[in-house]
Every structure is written in C-alpha cells, then in structure tokens.
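Here's the structure we're looking at; comments come further down.
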Amino acid sequence: MSEYESVSRSSLKLKGVSDHKVNKKKKKKDKEREAMKMYEQVSNSKSSEEDGKKMKAVDKRTKAEQAFDRAREKRDAELIVEKASKTHKERIMLFNSHLDAMTEHFDIPKVSWTK
C-alpha cells in the first residue's frame, strides 16, 4: 500500500459555487479612467476657449514679492549645493565638533539631593 493512496485527487470544493466551477468576478468600471476622460474633455474645451481668446497669464504680484521669490529660490539653490557637496561622514564630523564646542550649560543637571 502506497503512502499516497489515501490522498484525495479531486478538485477543491468551494462554498457558494453549486456546479464546482469558479465564477469569475465581474470587473467594476474603472472610475479613474472615467474621471480622466472627463478631465481631458474639460481641458480640451478650455484650451480651445483660451486659444480663441489668446489669454496671457498676468502676474499680479508686486515687485517686492517677485524679488523676494527670486531671492528665496537663490537661497534654496545655494542650500542644495551646500548639502550636496558634503558626504555623510563629513556632516557627522561637523556635527560632533559642534557638540564638543557647546558649553555644559545645555547638560541636564542632576536631580538627586543625596549626592
């Protein structure tokens, strides 16, 4: 007698399926696809309207606001270049030297009254 004679070789029986055939689930309509189609239709209609009117974007910011934004972009670019120029090891060494240079004023004092 073989070890595998007691093993059932029939297909699996699933609950809720009467004819023992697996029914494929119906696919729901893809809402995202429909939304994209609607968005494209709306954007196409808007672009055709804009082409007819030849509207240009008007910057309503003041000169000071424009200068501030340019300066901020320049600072951000410099910061990115500065951060990208150092390796992780160099940044850790600078941080450790900064911590060594700090006074003991920032240390947590002892709370114990007995010592």
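The values are calculated or read from the model by the stated rules, or taken from the named source; none is laboratory data. What you are looking at is a predicted structure, and each value in this text was computed from that prediction instead of being measured. Cβ atoms come from the backbone with ideal geometry, glycine included; neighbour counts cover every protein chain shown.
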Matching entry among Lys115, Lys83, Lys74 (being modelled with pLDDT under 90 and under 31 Å from the mean Cα position of the chain (by Cα)) = Lys83
Sort through Lys21, Lys60, Lys26 and tell me the only one that's more than 29 Å from the chain's Cα centre (by Cα), on the phi < 0 side of the Ramachandran plot and at pLDDT 70 or above.
-> Lys60
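Conditions (1) exposed (fewer than 10 other Cβ atoms within 10 Å of the Cβ); (2) of a type in the set (A, V, I, L, M, F, W, C), marked per residue:
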residue: Glu65; (1), (2): no, no
residue: Lys74; (1), (2): no, no
residue: Lys86; (1), (2): no, no
residue: Phe95; (1), (2): no, yes
residue: Asp100; (1), (2): yes, no
residue: Thr103; (1), (2): yes, no
residue: Pro109; (1), (2): yes, no
